[in-house]
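Every number in this text was worked out from the coordinates using simple rules, so none of it is lab data. In this text the structure is predicted, and so the values were computed from the model without any measurement. Note: ideal-geometry Cβ built from the backbone for every residue, glycine included; neighbour counts use all protein chains shown.
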Amino acid sequence: MAALLRGLRAGRTLRGLSSGKTGPTSRVVAAPSAVNPQCSNLNRGFHRAALRLQDESKSDKPPSSSSSSSSSSTTYHEHYQATEHDTAAEASQHDSASDPAAEQPERPNTSYQDQSGEHGEEYETEEQLQSRILTAALEFVPLHGWSMEAIAAGAETLGLSSASTGMFYNGAGDLVLHFIAHCNSQLTEILAEQHKQVQLGQAEPKKTADFLREAVETRLRMYIPYIETWPQAMSILLLPHNIPDSLKHLSSMVDDIWYYAGDRSTDVSGSSLNVRPTTSQMNWYTKRAVLTGIYNTTELVMLQDSSPDFQDTWSFLDNRIQDVVNMASSAKQVQSTGEAVVQGLMGAAVTLKNLTGLNQRR
Amino acid sequence: MAASMRLLVRRAVRLSHRNITLTAAGAAARSGCCRGPSVCRCFSDEAEDRSTHFGFETVSETEKAKRVYKVFENVAQKYDIMNDAMSLGIHRVWKDALLHVMHPQPGAQLLDVAGGTGDIAFRFLEYIRLQEERQKRRAARSSQTPSWQDISNNYSTEDESRESRAVVCDINKEMLKVGKQKADSLGVSAGLSWVVGDAEELPFDDDQFDIYTIAFGIRNVTHIDQALQEALRVLKPGGRFMCLEFSKVNNPILSSIYDAYSFQMIPVIGEVIAGDWKSYQYLVESIRKFPNQEEFKGMIEDAGFYCVKYYNLTGGVVALHSGFKL
């Protein structure tokens, strides 16, 4: 994908060279009114010719093409605009619009300058740009909710026009899914860091129940800044076309948590001694299903929790995990009791047979 | 040689009675001359002699611009009525679909090139007005009773926020005149400007507009790649290029119905309603000469747009292409 873009751009620069066009696709439009009166009519033609030569020599090296140094292209644009003032009568009404717009393109250009591409896109794929826009949009979510307006505001902080929101065909769904993916990756980092600490011996390994509790709490705490608008986000996730993606994120998160807790598995169904293959598979599914249930119910409780620092939610979480642990141990007890009962019945049957003389061989 | 033969054929056709022979002549002309203009273009090098297509005819590039100007000068008064009659009103659906895909945010600046009678610009302003109303209603609902501070803020920020603007640019003064009359009768005046300009050389500075649209106009442009480059120039970073244009129908059944309708009915309607057979003959022929969806998408990507996508409307009769300047 990036290679295709690079190829396209190389083709374009070559075409630009051959057709002798001198229009650099620089985004720097600086029109400080102080400089314009300085360029007199006499010097204008000379300057323009000189700059065009300068530009052509610059564009001879394809990678560092016309917009590589903002200073020369800035002055070129001032002159270009000076000619535009003469030719277009209606240009005057657009100048006022260009001044506030001039500041916005300034910022992204300076950050891409080092990479010496015509557009910064050369060293950034479209997906990366989209994720940058969505990350910037997150800070506007408390104001606009999970919607296209938030994405538009985010794009504007990056210096892009609000029309670039058209790239997100799923609209608000894209924003919510991006946020969830971001939270999941953060959680994975935290869990990996803790795991490393345990491996290095710098921290005590935690019991499974505690581990699960802390992991779920860490993950849910990431929602706290957006808790006002979270019901809207959940409803967006439930839309039919978003369900596959949201389920995928949820299952990968639960999988990650169990992976990092996986060293000590409390066998939820089946004791460790009598584990049969089918039971161990059921074990994997059961664990994840149970954790999914805990996570979803805790999330719902968190939505309507108004206690300080969500204390009610965390105690709810505690209780649910405790339930699961109890169920695990009671399942084990049931199984051992069952086995004992069966042995007892077998013994009783043998005794009866002995008494009635059925066991004797004649 | 080929051009004169074509003219003879057409004149003979018009002398005889039109209906059935027209389709045959149209088909013959189409198949016979498709190779003609490309051959002519290969052999001629000077700019003045470089030829291009004007419908199914081959003309020099300078002449094409003049003839296109005359076509639209003639049809300007009856343009809207003819649109409704020819497309059976479906063109409104197409233009609404363009706005729906565009989904402009309040504060956006639109440039509508070859906008003529201003259909897209009016729809744009209406869409933004509804969006702003919806936002105000949402804000009012969320804040139960606005405090004195909120009320005073509302009064002061009304002028500060960027007002959305639509600029209609057209090479043809007659079309703009009709558009202005429509605007006056609709009572729309705020945020609307009318500019005379050539799509290949726009009279605007760089990085001016959020959205650039060209609806059913780009096939009339002599150098399409120049128009695309101008579009790239005047758009802000992150700006969107949108083009609504007639395109190739892939379905063979629909295609044959569409061809029959185009070559048989449309010039007749043109003659009856607008009194101009030749202009509408040019119209249907220019549709056939325009590149298909994939080719045009390639041209847009070559000009430097990213995330280029197209949507087929009405089975490919109309295609909506969209690209971003990133």
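Things worth noting here:
- For a straight C-alpha distance cut-off of 28 angstrom, the lysines reachable from B:K70 (same-chain residues fewer than eight places away being disregarded) are B:K78, B:K95, B:K173, B:K177, B:K180, B:K182, B:K248, B:K278, B:K289.
- Centre-to-centre, using Cα atoms only, the stretch A:228-260 and the stretch B:285-324 are separated by 36 Å.
- Based on the Kirkwood approach, the hydrodynamic radius assigned to the stretch B:49-183 is 18.1 Å, with every pair of different Cα atoms included.
- Divide the volume of the convex hull around the Cα atoms of the stretch B:212-275 by the residue count and you get 124 Å³ per residue.
- By the equivalent-ellipsoid construction on the alpha carbon gyration tensor, the stretch B:177-326 comes out with semi-axes of 28, 23, 13 Å, ordered largest to smallest.
- Packing-based exposure ordering (other Cβ within 10 Å, fewest first) of B:L130, B:L283, A:L158: B:L130, A:L158, B:L283
- Nitroxide proxy distance, nm - points 7 Å out along Cα→Cβ at B:N153 and A:S306: 2.3
- Likely footprinting exposure, A:C183, B:C169, fewest C-beta neighbours within 10 Å first: A:C183, B:C169
- Spin-label model, A:A340 to A:E214: label points 7 Å out along the Cα-to-beta-carbon direction sit 3.6 nm apart.
- Expressed per residue, the C-alpha convex hull volume of the stretch B:251-326 stands at 106 Å³.
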